[in-house]
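Trainee: Here you go, one structure.
The values are calculated or read from the model by the stated rules, or taken from the named source; none is laboratory data. These figures come from a predicted structure and were not determined experimentally. Virtual Cβ from ideal backbone geometry, glycine too; neighbours counted across all protein chains shown.
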Amino acid sequence: GAGVSQSPSNKVTEKGKDVELRCDPISGHTALYWYRQSLGQGLEFLIYFQGNSAPDKSGLPSDRFSAERTGGSVSTLTIQRTQQEDSAVYLCASSPPWDRVGTPLHFGNGTRLTVT
Amino acid sequence: QQQVKQSPQSLIVQKGGISIINCAYENTAFDYFPWYQQFPGKGPALLIAIRPDVSEKKEGRFTISFNKSAKQFSLHIMDSQPGDSATYFCAASKSGGFKTIFGAGTRLFVKA
């Protein structure tokens, strides 16, 4: 079946502009996650959705970052007034509900954001 | 408490050799320890995972060894192949929780 889809795959923007990154999770996956991966670095947790609600937004780096999820499916990560330090690969993952141990994450291929 | 420490940062192994990547965690509430493999331009993909009620899990050439008392676990890749060249992430999470904590990653290069 279809995996997690992210768009665009690449985005180049000028400093100060707003950007929107989109994630289509696997059908039926109620949990959705956003991670950030800087060049050669690990995975930084940003936010998690269970359904349309986000129980924990503490990973968002600043108030310039926001995310929403509608219909328990598509999610959008918005970065306002982009800065050069926002340049990274933004990864989205989805998983079935956390009702048992051992629920792996299914990642998309990410959006590579470059702020010039 | 929430960290997962991974080493080495990079690893070069000859074809046919054994690749070993180590991870340590602090939070004893973690009960699921997956390893993810990431190729350039792709998202991480689950490779193999273990729960703390077993000390070892093997899938083909990949083995996880788990030491609950030491709060450490490791990935062993036997007969390493050039196609195994990728970045490997260990991770930890707890049932009922939502946040998977990742190690910093290990870049593996297998020389032909």
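Trainee: Name the residue, out of B:74, B:85, B:69, B:80, that is under 10 Å from the mean Cα position of the chain (by Cα) and over 27 Å from residue A:31 (Cα atoms).
Mentor: Just a single option satisfies the conditions, and that option is B:74.
Trainee: Same structure, new question: Tell me, which residue of the range B:1-52 that is among the charged types (D, E, K, R) and at the interface with chain A (Cβ under 10 Å from one of its Cβ atoms) is nearest to residue A:94 (Cα to Cα)?
Mentor: So the residue we want is B:42.
Each row is one residue, and each column tells you yes or no for (1) within 14 Å of chain B (Cβ to nearest Cβ); (2) over 24 Å from residue B:105 (Cβ atoms); (3) polar (S, T, N, Q).
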{"position": "A:9", "(1), (2), (3)": "yes, no, yes"}
{"position": "A:18", "(1), (2), (3)": "no, yes, no"}
{"position": "A:24", "(1), (2), (3)": "yes, yes, no"}
{"position": "A:35", "(1), (2), (3)": "yes, no, no"}
{"position": "A:45", "(1), (2), (3)": "yes, no, no"}
{"position": "A:55", "(1), (2), (3)": "yes, yes, no"}
{"position": "A:58", "(1), (2), (3)": "yes, no, yes"}
{"position": "A:63", "(1), (2), (3)": "no, yes, no"}
{"position": "A:70", "(1), (2), (3)": "no, yes, yes"}
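Trainee: Mind listing whichever residues of the range A:47-61 are surrounded by fewer than 21 Cβ atoms within 10 Å (Cβ to Cβ) and either more than 22 Å from residue B:104 (Cβ to Cβ) or touching a residue at least 12 places away in the same chain (Cβ under 8 Å) (or both)?
Mentor: A:50, A:51, A:52, A:53, A:54, A:55, A:57, A:59, A:60, A:61
Trainee: Among the residues of the range B:26-49, write down those that are at pLDDT below 95, crowded, with 20+ Cβ neighbours inside 10 Å and not in a strand (DSSP E or B).
Mentor: B:30
Trainee: Consider the range B:50-79. How many of its residues are part of a loop (DSSP other than H, G, I, E, B), closer than 18 Å to residue B:6 by Cβ and small (Gly, Ala, Ser)?
Mentor: Residues in the range B:50-79 being part of a loop (DSSP other than H, G, I, E, B), closer than 18 Å to residue B:6 by Cβ and small (Gly, Ala, Ser): 1 in total.
Trainee: On the basis of being in a loop (DSSP other than H, G, I, E, B), among the basic types (Lys, Arg) and surrounded by fewer than 19 Cβ atoms within 10 Å (Cβ to Cβ), does residue B:5 make the cut?
Mentor: No, not satisfied.
Trainee: Something else: Are any residues in the range B:50-69 modelled with pLDDT of 95 or more and among the aliphatic types (A, V, I, L, M), and if so, which ones?
Mentor: B:64
Trainee: Among the numbered criteria (1) away from chain A (no Cβ under 14 Å); (2) surrounded by fewer than 16 Cβ atoms within 10 Å (Cβ to Cβ), which single criterion is violated by residue B:80?
Mentor: Just one mismatch for residue B:80, condition (2).
Trainee: To continue, here is another question. Within the range A:46-62, can one find any residue that is more than 12 Å from the chain's Cα centre (by Cα) and closer than 27 Å to residue B:39 by Cα?
Mentor: Looking for residues that are more than 12 Å from the chain's Cα centre (by Cα) and closer than 27 Å to residue B:39 by Cα, one finds at least one in the range A:46-62, hence yes.
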